[in-house]
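To start, the structure under review is shown below, and the notes come after it.
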């Protein structure tokens, strides 16, 4: 069975935490757009320098760049049994590109989870993360801009996937275990692909 899982939600909703748990529980790779971008930044490439400047402003990396990076990652052999995608797509253009990538490889999402939390909870979680991890990109201004970007660019994707009938909304402002229990229950209902 191939299990392809998508996690949608604002920054601070717990996508990374839940994606790691799904990855460990189901033995599929966690593909995090943030980690892919940070690896590109650390490579010191020209693209990496552009990515770093964009992220530090709190802006979204261009669709073309993200699509190329994700296409490369999904082409690796460890994704054959499935994967959990966290932080991509973030725009309708990216979602449409992902559909066309999937059409090329004969795949589709088993399930798309929408982790939902109030902005003030997301803001506090991101501020705490900045303090704990020393993340320079989690300034108050950048956090505000990211949440605005989420509502403008990414939130419409919830409806995009709902119309396909494979969207599962999950209340993200509960404990990590409660959220994961909901995700697991939904994954148990996924038909074998």
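The values are calculated or read from the model by the stated rules, or taken from the named source; none is laboratory data. Please read these numbers as outputs of a predicted model, since none were measured by experiment. Because the Cβ atoms are built from the backbone with ideal geometry, glycine has one as well, and the counts that use them run over all protein chains shown.
Among the listed residues 2, 23, which satisfies the condition of being more than 26 Å from residue 159 (Cβ to Cβ) and in contact (Cβ under 8 Å) with a residue 24 or more places away in the chain?
Criteria check complete, one pass: 23.
Specify the residue that is surrounded by the fewest Cβ atoms within 10 Å (Cβ to Cβ); the eligible residues are those in the stretch 1-13 that are part of a loop (DSSP other than H, G, I, E, B) and touching a helix residue (DSSP H, G or I) at 6+ places or on another chain (Cβ under 6 Å).
11
For residues that are out of contact with any helix residue (DSSP H, G or I) (no Cβ under 9 Å at 6 or more places or on another chain) and part of a loop (DSSP other than H, G, I, E, B), scanning just the stretch 14-44, find the one that is surrounded by the most Cβ atoms within 10 Å (Cβ to Cβ).
Ranking the qualifying residues of the stretch 14-44, first place goes to 43.
Taking the stretch 66-78, which residues are surrounded by fewer than 17 Cβ atoms within 10 Å (Cβ to Cβ) and either modelled with pLDDT of 90 or more or outside any helix (DSSP H, G or I) (or both)?
75, 76, 77, 78
Residue check: is residue 174 surrounded by fewer than 16 Cβ atoms within 10 Å (Cβ to Cβ), closer than 21 Å to residue 18 by Cα and modelled with pLDDT of 90 or more?
yes
Return yes or no: is residue 136 in contact (Cβ under 8 Å) with a residue 40 or more places away in the chain and loosely packed, with under 12 Cβ neighbours inside 10 Å?
Criteria met by residue 136.
When residue 184 is evaluated against the numbered criteria (1) touching a strand residue (DSSP E or B) at 6+ places or on another chain (Cβ under 9 Å); (2) over 21 Å from residue 34 (Cα atoms), which criterion, by number, is the only one it fails?
(1)
Please specify each residue of the stretch 79-119 satisfying the condition of being in contact with a helix residue (DSSP H, G or I) (Cβ under 8 Å, 6 or more places away or on another chain) and assigned to a helix (DSSP H, G or I).
If the condition is that a residue be in contact with a helix residue (DSSP H, G or I) (Cβ under 8 Å, 6 or more places away or on another chain) and assigned to a helix (DSSP H, G or I), then 79, 92, 93, 94, 95, 97, 98, 101, 105, 119 are the ones that fit.
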